[in-house]
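One structure is given below, encoded as structure tokens.
The values are calculated or read from the model by the stated rules, or taken from the named source; none is laboratory data. What you see is a predicted model; the values in this text were computed from it and never measured. Note that we place each Cβ from the backbone using ideal geometry, even for glycine, and neighbour counts take in every protein chain shown. These area figures cover heavy atoms from the full protein model, side chains too; ligands, DNA and RNA do not enter into them. Shrake-Rupley method; radii C 1.70, N 1.55, O 1.52, S 1.80 Å.
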Amino acid sequence: MDVDEPGWPLIDDFFGRLADGRASATIRRYARVRSRLYVFLDTADLTLVLGSDRAALLEAERQLHDDGAFWQLFGPDELACCLPDFLHEPWLPGGAQEARVQVTVVARLLALLGRASAPDVRRAREEIAARPESPAPAARLPARFRREPGWQW
């Protein structure tokens, strides 16, 4: 990643403003969304939104750069076109709260980029609302993994 590429400061400044004055748990959630967004831009198949020629060009650029290939070729307009795909599997986290944060971040980023809230944002919010609020109960850990006091030498 080259910090002089135009997209990185845009994203970093955006997430910095989002995190300003927030609780540490919220900041960590934003950081996870940002990390997933970077991986998305570096690895996702964007053929449906960019078209086959531009997607092939992106794939070729990815062969030259481990990260940041998207910003080598594209800018904020293409980011705005690609963001709705970030609201689908496998990019949307499984937990309802994490998913809500990601949808909110995408909606705010689209607004910053001058795009109205996309139908994908509304649909993602509806799907998340239908999810159970808490994750499935975890299975009890075997005794060997629990930190229970044992006998001493």
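Of the solvent-accessible surface of the range 1-136, computed with a 1.4 Å probe and all protein chains present, 53% belongs to carbon and sulfur.
Model label sites at Leu57 and Arg22, defined 7 Å from Cα along the beta-carbon direction, differ in position by 3.3 nm.
Qualifying chymotrypsin sites (Phe, Trp or Tyr not before Pro) in the range 9-111, where qualification requires a DSSP coil assignment and no more than 13 other C-beta atoms within 10 Å, are lacking entirely. Accessible area per residue for the range 55-109, computed on protein heavy atoms with a 1.4 Å probe, is 43 Å². The Cβ shell under 11 Å around Pro119 holds other residues with a net charge of +1, Lys and Arg each +1, Asp and Glu each -1.
Once you sort the root eigenvalues of the Cα gyration tensor of the range 17-59 as a ≥ b ≥ c, which label holds: rounded (a/c under 1.5), prolate (a/b larger than b/c) or oblate (the other case)? Taking the square roots of the gyration eigenvalues as a ≥ b ≥ c, the range 17-59 is prolate.
Placing +1 on the Cβ of every Lys and Arg and -1 on the Cβ of every Asp and Glu, with nothing else charged, gives the range 42-84 a dipole about its Cα centre of roughly 100 debye. Each of the peptides 47-55, 75-83 was scored by the mean count of other Cβ atoms within 10 Å over its residues; in descending order, highest first, they stand as 75-83, 47-55.
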